[in-house]
Amino acid sequence: MPVIRAVSLVLAHVPSLVRLGSKPLRVLREVEQPIEYLRPHLRDWNAARAYAPNQVFIGNVGVDELAARPTPWHRHPIAGAQRFGPDGEIMPEDEFLGLLATCDGFDLLALTGEVADRARSTLDAHPVVGRESGRPAVPAGVGTAVLNERIARHRAVPLVGVDGRLLGAMLPGHEEDDTLTGQVLLENLACKATAALALRHLLARPGAIAATDVRYVINCGEEAVGDRYQRGGGNVAKAVAEWAGCARATGSDVKAFCSGPMHALMLAGALVRSAMFDDVVVVAGGSLAKLGMKFQGHVKHAMPIVEDVLAGFAVHVARDDGVSPVLRLDAIGRHEVASGSAPLAVMKALYSEPLERVGLTLLDVDRFSLELHNPEATEPAGSGNVPLNNYRTLASLAVVEKLITREGIDDFVRTRGMPGFSPTQGHIASAIPYLGHARRGLTEGGLTRTMFAGKGSLFLGRMTQLPDGLSLVLERNGARPSTA
Amino acid sequence: MGLEDQAAVKRVADEHGSGVVVLLGTPDAESTQTLAQTVVAGDPSYAGPLAGVPLGLPVFHVFEPEVRDQVPIDVYEAQVALMEMSLDRDAILAGLREARRAAAATS
């Protein structure tokens, strides 16, 4: 069976880009200075770094520790919160803008001289994506007059800082192509940059695989990169592999809305199991379009806009090393076409059926990782506590299967679930953020078995009414003789 | 209720008139109350197409016994029972009662 050798999870704090999220763009279209409107609700990096859910995301704080912390989390910052954690980092915006520029191979993103110089000096000293990592240099900045000209005459998208100053501008890639506008390309570039950052973190781990030994990269980020003739043509995986120095790798993109990462991990496991490749990396970058998605609720409740971070992750799937958690390819939960959309059928297909197939029940799983949206992002907007609702539904399935009583629902949720702590970055919030914690728990900690489930809202694309879903079981290496 | 959903409800109500019934599947008391209020008395946030438009539509929640009794038991088990067990049914129905009371008081 394949194993999960390493995991990285990164955040980039980008308050200035919140304005360019799909929802803020649409809602604030008539507002002359959107950044002025948003400013009272935009956090600085210190606040974003000390925000408990973000610290859980990079692995510095455990999920049970988060559950025990006072709420609201945005009013109870973590003292002495670190930028780096065992799983990754929370990168500040001034560095991330430089990182974005290094990912742009077509000179479409231009930063002002001051922004470019500051980004270069800090980014070059970065422990993981510093100058010696082999990445492209942060390009020289451009004068404000040139940027203004690009914005006024060439439809470049202005990047405006929280303080109202111009930071840079993103040119379109083609004059008449709606799939290559400055906005679309900025979204794609943000996805590439966060995925690339996550991949470099993965490769910088002690004992990590050499970049040149990575042979296949699967990207499951949400952005459909392409042009007018091939809107979702791809291939972000290869672009990320190139940037990160994986010279012998090729790759491709896997897409299935929020269940994309589960499909990608399953396929990576299958490629390793089949001996096609010994080492496969799954990556995904963040979704700029989802920044500030629920900002109206945050503004209404006079709280910070907590959807101010882009997320990215990378996972190394490898041949069994006798130590790392095993990805059980014999216990994949699948939402099949005939499964339909009735909740009971969907839940059985994703959870109880795959476990039953290998002689297990829901009670043999120590922790379930489902959609982990931070409730502090969703509840103020009236979208409820997504993870809690899903854990309660899962516990209700355990009642239906007569594994627990109805009175045991709360206990099931508390001990086998966790509070949501992920930014609302779609595919990434879907189970993935617990992967770093699970890997530690299944090697150094007391976990024996965890289950990850992603669900995708395929119907949003208007091609089918069906949802999608896929689940995976990760198990302590050697927990069962049959996994060897 | 989102602006698109408000527009859709308004369109259906305009097209079909008095025969329209709204069936909610809302997961908590607050959203139940807000949505019920929106389709009866108009958008309480005054932001959407139903702002100031009191459609006065009859509104039910899928957890109400009157609704459950209309549905074959196996369909209810497959489609609704799991959610009913996991959500706070009593609070949801209390939210709906409150919305109905408020609507009756203002009509």
Among the listed residues A:112, A:71, A:122, A:144, which satisfies the condition of being β-branched (Val, Ile, Thr), touching a residue at least 12 places away in the same chain (Cβ under 8 Å) and within 30 Å of residue A:203 (Cα to Cα)?
A:122
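Residue by residue, here is whether (1) more than 13 Å from chain B (Cβ to nearest Cβ); (2) in a helix (DSSP H, G or I); (3) within 26 Å of residue B:31 (Cα to Cα) holds:
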position: A:349; (1), (2), (3): no, yes, no
position: A:360; (1), (2), (3): yes, no, no
position: A:389; (1), (2), (3): no, yes, yes
position: A:397; (1), (2), (3): no, yes, yes
position: A:403; (1), (2), (3): yes, no, no
position: A:413; (1), (2), (3): no, yes, yes
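If you check residue B:32 against the conditions, is it touching a strand residue (DSSP E or B) at 6+ places or on another chain (Cβ under 9 Å), within 10 Å of chain A (Cβ to nearest Cβ) and of a type in the set (S, T, N, Q)?
On the way: touching a strand residue (DSSP E or B) at 6+ places or on another chain (Cβ under 9 Å): yes; within 10 Å of chain A (Cβ to nearest Cβ): no; of a type in the set (S, T, N, Q): yes.
When the stated conditions are applied, residue B:32 does not pass them.
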Take region B:41-66 and flag every residue that is farther than 25 Å from residue A:408 by Cα and either open to solvent by less than 20 Å² (accessible area, probe 1.4 Å) or among the basic types (Lys, Arg) (or both).
B:42, B:43, B:48, B:50, B:57, B:59, B:61
Going residue by residue through region A:431-445, is there one that turns out to be on the phi < 0 side of the Ramachandran plot, of a type in the set (Gly, Ala, Ser), more than 12 Å from every other protein chain (Cβ to nearest Cβ) and more than 21 Å from the chain's Cα centre (by Cα)?
yes
Determine which single condition residue B:44 fails, assuming it passes every other condition in (1) within 14 Å of chain A (Cβ to nearest Cβ); (2) under 19 Å from residue B:91 (Cα atoms); (3) not in a helix (DSSP H, G or I).
(2)
If you scan region B:49-91, which residues turn out to be assigned to a helix (DSSP H, G or I), more than 8 Å from chain A (Cβ to nearest Cβ), of a type outside the set (Val, Ile, Thr) and more than 25 Å from residue B:38 (Cα to Cα)?
B:74, B:76
From the list A:446, A:426, A:420, which one is within 25 Å of residue A:313 (Cα to Cα), open to solvent by 30 Å² or more (accessible area, probe 1.4 Å) and not in a strand (DSSP E or B)?
A:446
Looking at region A:269-277, can you tell me whether even one residue there is closer than 23 Å to residue A:426 by Cα and touching a strand residue (DSSP E or B) at 6+ places or on another chain (Cβ under 7 Å)?
yes
In this structure, is residue A:149 modelled with pLDDT under 95, more than 26 Å from the chain's Cα centre (by Cα) and either aliphatic (A, V, I, L, M) or over 20 Å from residue A:284 (Cα atoms) (or both)?
no
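Residues are listed down the side, and each one gets a yes or a no for (1) over 22 Å from residue A:374 (Cα atoms); (2) crowded, with 24+ Cβ neighbours inside 10 Å:
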position: A:432; (1), (2): no, yes
position: A:456; (1), (2): no, yes
position: A:460; (1), (2): no, no
position: A:470; (1), (2): no, yes
position: A:476; (1), (2): yes, no
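Filter region B:18-40 for residues that are of a type in the set (Gly, Ala, Ser) and open to solvent by 50 Å² or more (accessible area, probe 1.4 Å); which is nearest to residue B:83 (Cα to Cα)? Spell out how you get there, then give the answer.
Of all residues in region B:18-40, those of a type in the set (Gly, Ala, Ser) come to B:18-19, B:25, B:29, B:31, B:36.
Now narrow it down to the ones that are open to solvent by 50 Å² or more (accessible area, probe 1.4 Å): B:18-19, B:25.
Details: B:18: 30, B:19: 28, B:25: 10 Å.
Across region B:18-40, the extreme among qualifying residues is B:25.
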What residue, among those in region A:363-387 that are among the polar types (S, T, N, Q) and within 12 Å of chain B (Cβ to nearest Cβ), is surrounded by the fewest Cβ atoms within 10 Å (Cβ to Cβ)?
A:383
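Conditions (1) among the hydrophobic types (A, V, I, L, M, F, W, C); (2) under 24 Å from residue A:385 (Cα atoms), marked per residue:
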| position | (1), (2) |
| --- | --- |
| B:19 | no, no |
| B:49 | no, no |
| B:57 | yes, no |
| B:64 | no, yes |
Give region A:94-136 a look and list any residue that's under 22 Å from the mean Cα position of the chain (by Cα) and of a type in the set (A, V, I, L, M), or say none.
A:97, A:99, A:100, A:101, A:123, A:128, A:129
For region B:1-17: of the residues being part of a helix (DSSP H, G or I) and within 14 Å of chain A (Cβ to nearest Cβ), which is surrounded by the fewest Cβ atoms within 10 Å (Cβ to Cβ)?
B:4
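The values are calculated or read from the model by the stated rules, or taken from the named source; none is laboratory data. Just so we're clear, the structure is a prediction, and the values are computed from it rather than from any experiment. Reconstructed Cβ throughout: ideal geometry from the backbone, glycine too, with neighbour counts over all protein chains shown. Accessible surface areas use protein heavy atoms only, side chains included; no ligands, DNA or RNA. Shrake-Rupley method; radii C 1.70, N 1.55, O 1.52, S 1.80 Å.
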